[in-house]
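Q: Supplied in structure tokens, the structure appears directly below.
The values are calculated or read from the model by the stated rules, or taken from the named source; none is laboratory data. Remember, it's a predicted structure, so these values are computed and weren't measured experimentally. Quick reminder, even Gly has a Cβ in these numbers, built from the backbone with ideal geometry, and neighbours come from all protein chains shown. Protein only, heavy atoms only, side chains kept; ligands, DNA and RNA dropped before computing areas. Shrake-Rupley method; radii C 1.70, N 1.55, O 1.52, S 1.80 Å.
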Amino acid sequence: MKVVISVDMEGVCGVASWVQVSPPEFGGLVNAGEYQVARERMTREAAAAAEGAMAAGATGVLINDSHDTMRNLIPELLPEAVRFTSGNDKPLSMVQGVDEKGVGALLYVGYHARAGSPRGPLAHTWNGFVTNVKVNGVDTGEYGINALVAGHYGVPVVFACGDNVAMAEITQELGQQVVCVAVKEGLSTYSAIHLHPAEAQRLIREGAQRAVKAASTARPYTTRWPAQCELSLNHQARADACERVPGVSRVNARTVGWESPDALHLFQTFRMLAKVGEVRLEG
């Protein structure tokens with residue numbers, strides 16, 4: 001059985017500020033030194049998950065860089081047996097690779113809570129202006145959307161690590177079949193109590209091994225289809241723009257809705273609306 005590891009950065013041990021997770025090429029509130037440390041820890045956590053998966057018998061591991069520009073992993077710190085993706089605008093984005101033949105499990109590394117979550121360090125969904133996503137009335141985040149896409153291809157989520165708020169949300173939505181490892185305890189949006197990085201990596205390795213061993217009994221995540229979907233934004237001007245997309249209707253001042261026949265349609269519509277919503281607000 002092959003596995004895919006989707007690795008984000010906001011949920012990585014030691015991370016509690018946008019400064020740490022912002023690639024310096026964009027300027028603004030960034031620090032190249034802090035970003036470099038965070039991407040190294042991100043890579044080491046992904047490597048620990050890969051080692052655990054291989055110890056459990058995984059015949060192949062694809063690590064999918066899923067943060068921001070998706071060019072954050074440091075390849076030399078990864079196990080030699082893995083493959084990895086690099087670069088954004090991938091067809092399946094954060095879960096690229098789940099459609100490959102023989103993939104039987106998806107693992108989340110460095111995941112964070114959904115937008116609006118109290119005490120969730122750097123909690124957000126996709127970008128800074130999406131305030132909520134609902135699928136059939138259930139509030140969800142990146143973890144839920146990605147799980148639905150994986151489920152479309154028959155692949156279950158079996159492991160997750162990140163902050164404790166995210167782990168609680170993942171357990172609530174995806175169920176106890178997901179082995180969750182909290183590497184930090186959120187105090188606020190911009191603060192947390194962290195494990196030592198070495199301890200975090202040890203727990204990730206052990207958790208991933210346990211999860212992959214039990215993967216054959218895990219079930220892919222799904223919902224009722226067709227699904228009623230809603231996207232809430234932080235300004236009515238963004239909803240104005242999204243409402244013009246065919247098949248999308250206005251729910252309220254800052255929320256739009258649509259119906260999806262399957263998870264792939266849901267995902268691609270969500271991505272499109274998140275892009276359409278990038279409008280100037282200063283007139």
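Q: Let me know the shape class of region 1-158, please: from the alpha-carbon gyration tensor, a ≥ b ≥ c as square roots of the eigenvalues, rounded when a/c is under 1.5, otherwise prolate if a/b is greater than b/c, or oblate.
A: Verdict is oblate for region 1-158.
Q: In the chain, carbon and sulfur make up what percent of the accessible area (probe 1.4 Å)?
A: 50 percent
Q: Treating only the Cβ atoms of Lys and Arg (+1) and Asp and Glu (-1) as charged, compute the dipole magnitude of the chain about its Cα centre; round to the nearest 20 debye.
A: Values: 25 positive and 29 negative charges, 86 e Å.
So the magnitude is around 420 debye.
Q: Now for a different question. For Lys101, which lysines qualify as cross-link partners when the Cα separation must be under 23 Å and same-chain residues fewer than eight apart are set aside?
A: Cross-link targets: Lys2, Lys90, Lys213.
Q: Kindly list the residues of region 81-114 that lie in the label zone of Leu264, defined by a backbone N under 20 Å from the point 7 Å along the Cα-to-C-beta vector.
A: Only 89-106 pass the distance filter.
Q: Mark the label point 7 Å from the Cα of Gln228 along Cα→Cβ and return the residues of region 255-269 whose backbone N is within less than 11 Å of it.
A: Within reach of a label on Gln228, which here means backbone N under 11 Å from a point 7 Å along Cα→Cβ, region 255-269 contributes 258-259.
Q: In whole Å, what is the distance between the alpha-carbon centres of region 23-85 and region 95-128?
A: 14 Å
Q: Would you mind working out the accessible area per residue for region 142-268, using a 1.4 Å probe, and quoting it in Å²?
A: 45 Å²
Q: Here's a follow-up. Do the sum for the chain: with -39,500 (n - 2.57) for every DSSP H run of n ≥ 4, divided by all residues, what is the mean residue ellipticity at 222 nm, to the nearest 500 deg cm²/dmol? List each step's numbers first, then the result.
A: On the way: 7 runs with 89 residues, N = 283.
Counting only the DSSP helices, I get -10000 deg cm²/dmol.
Q: How do the peptides 72-83, 204-215, 43-54 rank, highest first, by the average count of neighbouring beta carbon atoms within 10 Å per residue?
A: Going from most to least packed, we get 43-54, 204-215, 72-83.
Q: Where does each of 111-117, 130-136 land if you order them by average Cβ count within 10 Å, highest first?
A: Details: 111-117: 24.3, 130-136: 19.1.
The peptides rank, most packed first, as 111-117, 130-136.
Q: Mind sorting out which of (1) 20.0; (2) 13.9; (3) 18.6 is the real mean projected area of the Cα convex hull in nm² computed from the coordinates?
A: The calculated read-out lines up with (2).
Q: Next question, about the same structure. Report, ordered by chain and residue number, the lysines lying within cross-link reach of Lys134, taken as a straight Cα distance under 23 Å and ignoring same-chain residues fewer than 8 apart.
A: Qualifying lysines at Cα under 23 Å: Lys275.
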